[in-house]
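Just so it is clear, none of the values below were taken in a lab; they were calculated from the coordinates. What you see is a predicted model, and the numbers here were worked out from it, not measured in a lab. Every residue, glycine as well, gets a Cβ built from its backbone with ideal geometry; the counts of neighbours run over all protein chains shown.
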Amino acid sequence: MEIVIQRFDPDVDTKPYLKSYEVDPEKFSGVMLLDALEHIKEQDPTLAFRRSCGGGVCGSDGMSINGRNGLACVTQLSALPNKVTLYPLPGMPVIRDLIVDLTRFYKQYESVKPWLVGAETVQDTERLQTKDERAKLDGLYECILCACCTTACPSFWWNPDDFAGPAALLWACRFIQDSRDVTQAERLQALEGLYALYRCRSIMNCTSVCPKSLNPAAAISEIRRDMVKTSFALDPAEDRSAVEHKGG
Amino acid sequence: MVVKMGCRAGGMASWMVVRISAVSMLVYFFWLFLFFFFPHQHQEWGLYLRSTSMRISGGLALFGVVIHAWIGVWTVLTDYIHIKWLRTVLEMCVGALLVGCFIWGMILMGG
């Protein structure tokens, strides 16, 4: 099979170019695209790409595979056509070959405060959740921050400094939905502007490409629903404190 | 129960306006479609469209079209046009066009 890879070394090249590699899947072990890339790297050590766990857990090897973002380590060669074209994740500055600078992505992630803020009262016991409260986090906490969704989002390409992007918003939703978090109102308030949340135009690329089959678009809708609820009717944060009070 | 101000400024306000105006347009045009679907004489059309209820609902629907279009075009312009002066000029042109359409539509419906 033929694997065409965008190559770019800022120390040598003035602009990116495509380089073609012929790969025989019989000549190396493994059935994933990442195995083929490792095989190519043995022949051409100048090729640069990120990888770590090799099992779809760390999210390091995100790239554009035939125009669609995905993880090389969970992409089966048998599922690909004979010619495969690989580009770095779109919309991000390229450091070298398939490696992009994810600083902007992590800044957006940090902007939603992706950590639990519990009640200040020190408890002797764990902060327990009911099964239903815990179930609300399913489909949210599994994100591995591979950046496939965010870099597939046109709204992020157009407004990378202002729109938080699907991954960051999925994480925002994860903490807004967490019954143990006491800063839901502040979290929602931080997303109220014209861009951070509402620049999502429901294009759905994020959900389409997520290698973990998560649904960031649904998470974004969930945040919007929470925002409407807190504006017009019952304040979920107040409900929550009532429940905590009852439980405590 | 905590009732806060009706609608938060910024993102949520425009997001809700787009949806509410879309629903208002849908209801109005569906109603119009139902009326035109059944054969009527020209005089009946005239009487129906000149009725106070249709004038008010027509005006609201037209306002919905204008505000819906404005938010949509503004979003597209802020996405694609990053040269500030050019964007401002285009926004002013679109704004003037939409206001013109609204006034023209109101004159037609009022006539």
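Considering only A:C149, A:T75, B:W85, the residue lying farthest towards the positive end of the dipole of the protein assembly as shown is B:W85, judged by Cα position with unit charges set on Cβ. Scaling the Cα radius of gyration of segment B:50-111 by the globular reference 2.2 N^0.38 Å produces a ratio of 1.36. Return the distance in nm (one decimal) between the two label points of a simple spin-label model at A:D44 and B:V99, each offset 7 Å from Cα along Cα→Cβ. Label-label distance for A:D44 and B:V99, simple model: 5.9 nm. Across peptide B:10-17, the mean count of Cβ atoms from other chains lying within 10 Å of each residue's own Cβ comes to 6. Applying the criteria of a DSSP loop state and at most 16 other Cβ atoms within 10 Å to the trypsin sites (Lys or Arg not before Pro) of segment A:28-62 yields A:R51. Across all Cα atoms of the protein assembly as shown, the radius of gyration (one decimal) and Dmax (whole number) stand at 26.3, 83 Å. A simple spin-label model places pseudo-atoms 7 Å from Cα toward Cβ; at A:V57 and B:F30 they are separated by 5.1 nm. Averaged over the residues of peptide A:190-201, the number of Cβ atoms from other protein chains lying within 10 Å of each residue's Cβ is 4. Starting from the Cα gyration tensor of chain B, take the square roots of the eigenvalues, sort them a ≥ b ≥ c, and report rounded, prolate or oblate (rounded when a/c is under 1.5, otherwise prolate if a/b is larger than b/c, else oblate). Taking the square roots of the gyration eigenvalues as a ≥ b ≥ c, chain B is oblate. Summed over qualifying helices (DSSP H, 4 residues or more, each -39500 (n - 2.57)) and divided by its residue number, the protein assembly as shown shows a 222 nm mean residue ellipticity of -15500 deg cm²/dmol. Per-residue shielding of B:75-85, expressed as the average number of other chain Cβ atoms within 10 Å of the residue Cβ, stands at 2. Sites listed here are chymotrypsin sites (Phe, Trp or Tyr not before Pro) in segment A:139-187 whose DSSP assignment is loop and whose Cβ has at most 15 other Cβ atoms within 10 Å: A:Y141. A straight chain from A:D13 to A:L128 at 0.36 nm per residue would run longer than the Cα-Cα distance by 35.8 nm. Per the Debye calculation on segment A:2-100 with a single equal scatterer at every Cα and no solvent contribution, log₁₀ I(q)/I(0) for q = 0.19, 0.24 Å⁻¹ amounts to -0.89, -1.47. Quick one, could you list the DSSP H helices from chain A stretching 30 Å or more along their long axis (Cα atoms) with average Kyte-Doolittle hydropathy of 0.0 or above? TM-like helix candidates: nothing returned.
The string of couplings for segment B:35-51 from the Karplus curve (6.51, -1.76, 1.60, θ = phi - 60°) is 5, 6, 5, 8, x, 9, 7, 4, 5, 5, 4, x, 4, 5, 6, 8, 5 Hz, one whole number per residue in order, with x for Gly and Pro. Derived scalar couplings between HN and Hα for segment B:101-109 equal 4, 5, 4, 4, x, 5, 5, 4, 6 Hz in order, rounded to whole Hz, by the Karplus curve 6.51 cos²θ - 1.76 cosθ + 1.60 (θ = phi - 60°), x for Gly and Pro.
Which of A:K113/B:K84; A:K41/A:K83; A:K27/A:K212 have a Cα-Cα distance over 22 Å? Long pairs (Cα-Cα over 22 Å): A:K113/B:K84; A:K27/A:K212. Sequence-distant contacts, meaning Cα pairs under 8 Å at least 6 residues apart, place the relative contact order of segment A:2-100 at 33 percent.
Between B:R19 and B:A69, the modelled labels are 2.4 nm apart [label points 7 Å from Cα along Cα→Cβ]. Net charge dipole, the protein assembly as shown: roughly 1120 debye, given to the nearest 20, about the Cα centre with Cβ charges of +1 for Lys and Arg and -1 for Asp and Glu.
Each Cα pair under 8 Å and six or more residues apart adds its separation to the average, and for chain B the resulting relative contact order is 33 percent.
If both residues of a DSSP beta bridge must be in chain A, then about 80% of such bridges are antiparallel. Counted by Cβ distance under 9 Å from A:F28, the other residues give a net charge of -4, where Lys and Arg count +1 and Asp and Glu count -1. Ranking of A:E126, B:E91, A:E222 by neighbouring Cβ atoms within 10 Å, starting from the fewest: A:E126, B:E91, A:E222.
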